[in-house]
Amino acid sequence: MTDPQVRSFSRAKARGIARGLRAKDFLSVLDLSHEELDDTLALAAQLKAERALGRTSVTPLAGKHVALLFDKPSLRTKSTFTIAVRELGGNVIDPAADVALGSRETVTDVAKNLERWVAGAIVRTFAQARLLEFAGAAPSLKVVNALTDEEHPCQAIADVLTLREHLGDLRGRTVTFVGDGNNVAVSLAHAAVMLGMCVRVASPKGYELPKPIIAECARVARWGGLVEVTNDPIAAVTGADAVYTDVWASMGQEEQIDARETIFAAFQVNESMMDAAGPEALFLHCLPAHRGHEVTDAVMDSPQSVVFDQSENRLHAQKALLAKLFT
Ligand code: CP
């Protein structure tokens, strides 16, 4: 995780240029109005049903190219965006990581080149500020956040789609995120409170959800949605409708793995923690999972686990986001 002040700065900057899907980019869940979030989820469900029948009713990317720029590894995000672009009628280009953002030429120059060739760019990088610089340099290029150090908004849209499929209306439901208050927790909190959920985030001291996120969530929450932060994972999962976790050390934090194994040990989602949540509670994970660390095999492979539904829903959610951006 990056320094909290840097994260706060870049997020504040993001809010300054955010204009909603109809304008240009999808860099944060907070770029969506409530209506746009509702419409995106409805379209994702529609596209999922159509795909099961071998159909796609919308091809807004026909004749267009989209660039995939990934500064970090990816299985799910890159695969599902590739399929999504193609199923919406478009083509992808996939420049090698060594020519991506800011390593061979400036971020701005990369954006200005791509703008001449492609209609959109799916970008996974480090600081949100770098993504903002890229998007700001290319006014006619539609840019999607495929994960930054601060936010993972495409994951969150798939997550709430999955929760809705299993729980129905999310108003008044509770999802507990157990672990690092990281980019996945941030975007989940944004999306879930916009749908009226209670989001509990249980983290070790010093690894809590950043305080500015709580204010952001209060600003966009509907129907009594709220965020609660605690250092007690068992209390946090008790009575929850869903328990969510992520790796203890995110990409770029590899040197912290050993220290975090100790710090996060009491935050492992295991059978005992799921017992506290109750037999009806769902288990979610954005993946990749480090089995035996933040989650046990028994939980990952249990009937309560919906992790592969989440993974499938990355495709449907991202197709809907792209369709909204390019229509
Ligand atoms: N959850 C997620 O973003 O997976 P990848 O890192 O494989 O894209």
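The values are calculated or read from the model by the stated rules, or taken from the named source; none is laboratory data. Model, not experiment: these values are computed from the prediction. Glycine also receives a Cβ, built like all others from the backbone with ideal geometry; neighbour counts cover every protein chain displayed.
Residues in segment 307-327 that are more than 14 Å from the ligand (Cβ to nearest atom), at pLDDT 95 or above and either in contact with an Asp or Glu (Cβ under 9 Å, 6 or more places away or on another chain) or in a loop (DSSP other than H, G, I, E, B) (or both): Lys319, Ala320, Lys324, Leu325.
Could you check segment 153-169 and list, in sequence order, the residues that are buried (at least 24 other Cβ atoms within 10 Å of the Cβ) and over 16 Å from the mean Cα position of the chain (by Cα)? Once the filter is applied, which keeps residues that are buried (at least 24 other Cβ atoms within 10 Å of the Cβ) and over 16 Å from the mean Cα position of the chain (by Cα), segment 153-169 yields nothing.
Picking from Ala242, Ala202, Ala189, Ala185, which residue would you name as being crowded, with 24+ Cβ neighbours inside 10 Å, in contact with a strand residue (DSSP E or B) (Cβ under 7 Å, 6 or more places away or on another chain) and under 15 Å from Asp149 (Cα atoms)? Please lay out each step first, then the result.
Values: Ala242 fails: under 15 Å from Asp149 (Cα atoms); Ala202 fails: under 15 Å from Asp149 (Cα atoms); Ala189 fails: under 15 Å from Asp149 (Cα atoms).
On inspection, the qualifying residue turns out to be Ala185.
Thr82 satisfies every condition listed in (1) free of Cβ contacts under 8 Å to residues at least 40 places away in the same chain; (2) β-branched (Val, Ile, Thr); (3) away from the ligand (no atom under 13 Å from the Cβ) except (3).
Take Lys72 and decide whether it is among the basic types (Lys, Arg), away from the ligand (no atom under 16 Å from the Cβ) and out of contact with any helix residue (DSSP H, G or I) (no Cβ under 6 Å at 6 or more places or on another chain). No, not satisfied.
Among the residues in segment 103-123, are any farther than 19 Å from Gln318 by Cα and touching a residue at least 60 places away in the same chain (Cβ under 8 Å)? First the steps, then the outcome.
Step one: filter segment 103-123 for residues farther than 19 Å from Gln318 by Cα, giving 103-117.
Keeping just the survivors that are touching a residue at least 60 places away in the same chain (Cβ under 8 Å) gives none.
Within segment 103-123, none of the residues are farther than 19 Å from Gln318 by Cα and touching a residue at least 60 places away in the same chain (Cβ under 8 Å).
Among the residues of segment 146-153, is any in a helix (DSSP H, G or I), touching a residue at least 12 places away in the same chain (Cβ under 8 Å) and touching a Ser or Thr at 6+ places or on another chain (Cβ under 7 Å)? Yes, because at least one residue in segment 146-153 is in a helix (DSSP H, G or I), touching a residue at least 12 places away in the same chain (Cβ under 8 Å) and touching a Ser or Thr at 6+ places or on another chain (Cβ under 7 Å). When the residues of segment 245-267 are filtered to those that are loosely packed, with under 15 Cβ neighbours inside 10 Å and among the hydrophobic types (A, V, I, L, M, F, W, C), the one that is nearest to the ligand (Cβ to nearest atom) is Ile257.
Is there a residue being under 20 Å from the mean Cα position of the chain (by Cα), more than 16 Å from the ligand (Cβ to nearest atom) and farther than 29 Å from Ala100 by Cβ anywhere in segment 48-57? Working first, answer last.
Start the filter on segment 48-57 by keeping residues that are under 20 Å from the mean Cα position of the chain (by Cα), which leaves 48.
Among the residues that remain, those that are also more than 16 Å from the ligand (Cβ to nearest atom) are: 48.
Then keep just the ones that are farther than 29 Å from Ala100 by Cβ; that gives 48.
Yes; the residues of segment 48-57 include at least one that is under 20 Å from the mean Cα position of the chain (by Cα), more than 16 Å from the ligand (Cβ to nearest atom) and farther than 29 Å from Ala100 by Cβ.
Please verify whether Met273 is touching a helix residue (DSSP H, G or I) at 6+ places or on another chain (Cβ under 7 Å), of a type in the set (A, V, I, L, M, F, W, C) and either surrounded by 14 or more Cβ atoms within 10 Å (Cβ to Cβ) or closer than 30 Å to Leu88 by Cβ (or both), treating the condition exactly as stated.
Numbers: touching a helix residue (DSSP H, G or I) at 6+ places or on another chain (Cβ under 7 Å): yes; of a type in the set (A, V, I, L, M, F, W, C): yes; either surrounded by 14 or more Cβ atoms within 10 Å (Cβ to Cβ) or closer than 30 Å to Leu88 by Cβ (or both): yes.
Taking the combined requirement at face value, the residue satisfies it.
Within segment 122-160, track down each residue that is among the hydrophobic types (A, V, I, L, M, F, W, C) and more than 16 Å from the ligand (Cβ to nearest atom). Correct list: Ala127, Ala129, Leu132, Phe134, Ala135, Ala137, Ala138, Leu141, Val143.
Of all residues in segment 56-93, those satisfying the criterion of being at pLDDT 95 or above and of a type in the set (D, E, K, R) are Lys64, Arg76, Lys78, Arg86, Glu87.
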